[in-house]
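The values are calculated or read from the model by the stated rules, or taken from the named source; none is laboratory data. Model, not experiment: these values are computed from the prediction. Methodologically, a virtual Cβ is constructed for each residue, glycine included, from the backbone with ideal geometry; neighbour enumeration extends over all protein chains shown.
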Amino acid sequence: MAADSPAISIVPSRESTVGSTVVRRALPQRDRRTVGPWCFADHMGPDDHPSGIGPHPHIGLQTVTWILDGALVHRDSLGTEQEIRPGQLNLMTAGRGVSHAEELSDGRGGLHGIQLWVAQPDATRGGPPAFEHHAELPEADLAIGTATVLVGSFAGATAATRRDTDHAGAELRLQRGRTTVPLDPTYEHAFVVLEGVGQINGSPLRPGRLAHLPTGVDEIDIAVDETARIMILGGTPFEAPVKMWWNYVARSLDEIDEANRDWIGGHDRYGDTGSRFDRIEPPAVSWTSGSPSGDGRGVSPRSPTPPTLPD
Ligand code: MN
């Protein structure tokens with residue numbers, strides 16, 4: 001354990017639904033909008049009858065899709081059609097605008113996974129959209145299991161995944177026992193249990209909760225009583241406060257309002273996914289239409305809210 005026992009915060013996730021699938025939303029929380037650049041985390045399912053998600057827009061973020069069970073077909077406005085299966089990674093960079101759909105693969109019923117967003121820095125968030133699929137990812141051996149590195153470096157293994165900021169993500173698959181895992185002390189970290197139960201430096205953790213660790217911690221004890229799968233997300237604290245509403249990550253309401261009006265109006269910044277699913281319309285805006293202002297005039301104190309739909 002680290003010399004100074006770090007203060008772990010345990011934050012309950014909020015239940016929501018995406019399509020017909022129950023999700024546990026670990027991020028964003030009112031008091032914790034980001035962990036490094038990680039700004040959204042939906043633990044989806046397990047769901048025996050998932051519905052898929054029709055075409056919807058994004059700006060200013062990367063979607064990171066990781067599946068434990070089932071399969072999805074990703075279609076986006078770049079022309080990508082890519083099935084993703086357990087152990088593989090889809091990374092879509094929205095930049096100034098992209099749209100995508102997540103359809104269910106034929107003949108595959110269930111779905112269990114996690115959808116993550118990474119806020120893009122000013123350096124790239126106005127840039128072009130992009131997509132990457134990684135069929136194989138590097139692994140690191142741990143005393144009681146294996147870590148698969150989705151992005152960045154963890155426990156000596158480094159992923160080739162695009163990164164616009166200094167961050168990392170890995171999934172730990174652990175057997176009964178206890179181990180110490182190394183952390184980058186320049187990162188803050190979040191832990192999300194996807195299966196099983198565990199203890200992080202003695203604090204109990206189970207699905208539906210997020211454990212947050214501040215910067216300055218270089219290792220941590222993890223114990224599990226049975227098999228468990230735990231997602232670890234880390235990064236240097238993000239460069240600026242983010243504004244999030246629906247599927248948009250930005251810095252101001254003006255940007256969000258413009259992005260949203262462009263989706264409603266069919267602007268070509270979002271292209272066409274070619275999906276057979278119906279496109280998804282945004283919820284009603286929570287600010288004065290046409291005149292949101294970056295200084296908050298006409299806007300309730302907590303607007304824009306975290307996305308009411310994690311699409
Ligand atoms: Mn999406």
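For this structure, a couple of remarks:
- Qualifying residue in segment 51-67 (condition: under 16 Å from L194 (Cβ atoms), touching a strand residue (DSSP E or B) at 6+ places or on another chain (Cβ under 6 Å) and either among the polar types (S, T, N, Q) or free of Cβ contacts under 8 Å to residues at least 60 places away in the same chain (or both)): yes
- Candidate set: segment 154-165, residues that are surrounded by fewer than 19 Cβ atoms within 10 Å (Cβ to Cβ) and not aliphatic (A, V, I, L, M); chosen: the one farthest from the chain's Cα centre (by Cα): G156
- Counting only strands (runs of 3 or more DSSP E) that sit completely within segment 23-141, those holding 2 or more residues that are surrounded by fewer than 17 Cβ atoms within 10 Å (Cβ to Cβ) correspond to 81-84, 130-134.
Quick grid of which residues meet (1) surrounded by 14 or more Cβ atoms within 10 Å (Cβ to Cβ); (2) over 30 Å from I200 (Cα atoms):
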site: A223; (1), (2): yes, no
site: G234; (1), (2): yes, no
site: A240; (1), (2): no, no
site: M244; (1), (2): yes, no
site: A259; (1), (2): yes, yes
site: G265; (1), (2): no, yes
site: D272; (1), (2): yes, yes
site: F277; (1), (2): yes, yes
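- Any chance L78 is modelled with pLDDT of 95 or more and away from the ligand (no atom under 16 Å from the Cβ): no
- Checking each residue in segment 81-112 for being within 13 Å of the ligand (Cβ to nearest atom) and not hydrophobic (A, V, I, L, M, F, W, C) picks out N90, T93, G97, S99, H100, E102, E103.
- Taken over segment 22-38, the criterion of being of a type outside the set (S, T, N, Q) and either more than 14 Å from V192 (Cβ to Cβ) or away from the ligand (no atom under 16 Å from the Cβ) (or both) is satisfied by V22, R24, A26, R30, D31, R32, R33, V35, G36, P37.
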